[in-house]
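The values are calculated or read from the model by the stated rules, or taken from the named source; none is laboratory data. What you see is a predicted model; the values in this text were computed from it and never measured. Note: ideal-geometry Cβ built from the backbone for every residue, glycine included; neighbour counts use all protein chains shown. Remember, those area values only see protein heavy atoms, side chains included, never the ligands or the DNA or RNA. Shrake-Rupley method; radii C 1.70, N 1.55, O 1.52, S 1.80 Å.
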Amino acid sequence: MSDFSNKLIEWYELNKRDLPWRNTKDPYKIWLSEIILQQTRVQQGLPYYLAFEEAFPTIQNFANATEEEVLRLWQGLGYYSRARNMHFTAKHISENLSSEFPTNFKDLLKLKGVGNYTAAAIASFAFGEKVATVDGNVYRVLSRIFGIDSPINSTNGIKEFAEVANTLISDTQPDTFNQALMEFGAIHCTPKSPNCLHCPFVQECEARKQNRVGELPVKLKKTKVTDRYFHYLVIEENEKYWIKERKGKGIWQGLYDFPLLESDHKELNLENIDQLTEDLELKTFLQENAPSQISEMYKHILSHQRLHIHFYHYKVDIEKSVSLFSEKDEYSLMDLDNIEKQPKPIIIHNYLNTYFY
DNA sequence: AACACGTGGAA
DNA sequence: TTTCCAAGTGT
């Protein structure tokens, strides 16, 4: 066993956090926790893990749920494809694999939503397979201690870090080694202000020796953020509201929001209705009705988009709106109790909470 | 290979 | 305010 592995595990046993998914070898629970924790901090994911564990104690329970139920529980966590892929995979395992998880890295990798990291996590934590989990923490720790400056999001870098991690991994405790390396990155060798003074690797750390702690790991710059201008139509009719299911590609797939107009600029220019929508009924509606209220602008920041959002309130007679969207199956008229039960983008959820509940 | 895909917390 | 980025995956 390597000196590195011994020191790392020694540190881990002294400093590890007590997290619920660390007390089980159930691949279902480990899968659940790992998907939730993708690109997500423990503090943010923990309540969701507990809620899912309670709602769906077994993978059959998960498989028997509707996608809407799953998305509603997931509401607010972001990256909703994780929830949709989990539901797909739960049904797949329930129906085609006799509700038994695959028991090795190679087969786990075939599951939808399970990539290299998650397959390694389940394989090592649940089944003791010797395969390294290489996540953002691992990139950071290895790049610093061993002075590796290959970009962590380049093809070569990804390959190189995986090789290093799989060289270092403990023969006898691969699961503990993986947990330890990630935990060390998460709470000690942090992105900013790492605790170098009390670091067990302070002597041999290349980044420390070369005074490059702040430069490592190297990451190629990400794509730039685009601005979008959303105008939500909050159309009330007899204490019900028109709600729209988001279908197809793009953000918030499978979630519910309001009928939406999108413009190239901040203002919604009612003289350019033709440019806002193809929908004839909606055009007519906009021409014949004026909003009773227009909200302030909300800025909602996604990883790759800046959304500038206004809400336009309309209160209409039944006769006027009865056929407005009734022939389109992605639209439905719902009361507030029903709307509350639907999965929604967090900005919509917060808006409703502020003005309607 | 490069980009899409959420949200919230920290500095 | 801005920027980074957190237990990544799919296409």
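Would it be correct to say that A:Asn153 is near DNA strand C (Cβ under 9 Å from one of its atoms), open to solvent by 30 Å² or more (accessible area, probe 1.4 Å) and at pLDDT below 95?
Values: near DNA strand C (Cβ under 9 Å from one of its atoms): yes; open to solvent by 30 Å² or more (accessible area, probe 1.4 Å): yes; at pLDDT below 95: yes.
Yes, satisfied.
Do we find a residue being within 14 Å of DNA strand B (Cβ to nearest atom), in the same structural domain as A:Phe325 (by the TED database) and not basic (Lys, Arg) anywhere in segment A:266-277? Checking segment A:266-277: not a single residue is within 14 Å of DNA strand B (Cβ to nearest atom), in the same structural domain as A:Phe325 (by the TED database) and not basic (Lys, Arg). Filtered by the rule that a residue be open to solvent by 50 Å² or more (accessible area, probe 1.4 Å) and on the phi < 0 side of the Ramachandran plot, segment A:16-45 gives A:Lys16, A:Arg17, A:Asp18, A:Arg22, A:Asn23, A:Lys25, A:Asp26, A:Arg41, A:Gln43, A:Gln44. Scanning segment A:234-253 for residues that are part of a loop (DSSP other than H, G, I, E, B), more than 13 Å from DNA strand C (Cβ to nearest atom) and either among the aliphatic types (A, V, I, L, M) or touching a Pro at 6+ places or on another chain (Cβ under 6 Å) (or both) yields a single hit, A:Trp252. Only one of (1) within 16 Å of DNA strand B (Cβ to nearest atom); (2) not in a loop (DSSP other than H, G, I, E, B) is not met by A:Leu333, so which one is it? For A:Leu333, the failing item is (1). Among the residues of segment A:257-277, the one identified as in a helix (DSSP H, G or I) and buried (at least 19 other Cβ atoms within 10 Å of the Cβ) is A:Leu276. For segment A:75-103, taking the residues that are away from DNA strand C (no atom under 15 Å from the Cβ) and part of a loop (DSSP other than H, G, I, E, B), the one that is surrounded by the fewest Cβ atoms within 10 Å (Cβ to Cβ) is identified as A:Ser98.
Look through segment A:195-233, keep the residues that are among the basic types (Lys, Arg) and part of a loop (DSSP other than H, G, I, E, B), and return whichever of them is farthest from A:Asp264 (Cα to Cα). Break it down into steps so the answer makes sense when it comes.
Taking segment A:195-233 and keeping what is among the basic types (Lys, Arg), we get A:208-209, A:212, A:219, A:221-222, A:224, A:228.
Now narrow it down to the ones that are part of a loop (DSSP other than H, G, I, E, B): A:212, A:219, A:221-222, A:224.
On the way: A:Arg212: 43, A:Lys219: 32, A:Lys221: 26, A:Lys222: 24, A:Lys224: 17 Å.
Among those residues, the one meeting the criterion is A:Arg212.
Yes/no matrix, rows are residues, columns are (1) surrounded by fewer than 18 Cβ atoms within 10 Å (Cβ to Cβ); (2) more than 28 Å from the chain's Cα centre (by Cα); (3) assigned by the TED database to the domain that holds A:His310:
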{"position": "A:Gly185", "(1), (2), (3)": "no, no, no"}
{"position": "A:Asn195", "(1), (2), (3)": "yes, yes, no"}
{"position": "A:Phe201", "(1), (2), (3)": "no, yes, no"}
{"position": "A:Cys205", "(1), (2), (3)": "no, yes, no"}
{"position": "A:Lys221", "(1), (2), (3)": "yes, no, no"}
{"position": "A:Asn238", "(1), (2), (3)": "yes, yes, yes"}
{"position": "A:Gly250", "(1), (2), (3)": "yes, no, yes"}
{"position": "A:Leu255", "(1), (2), (3)": "no, no, yes"}
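Checking each residue of segment A:32-41 against the condition of being out of contact with any His (no Cβ under 8 Å at 6 or more places or on another chain), within 16 Å of DNA strand B (Cβ to nearest atom) and within 13 Å of A:Ile187 (Cβ to Cβ) gives at least one match.
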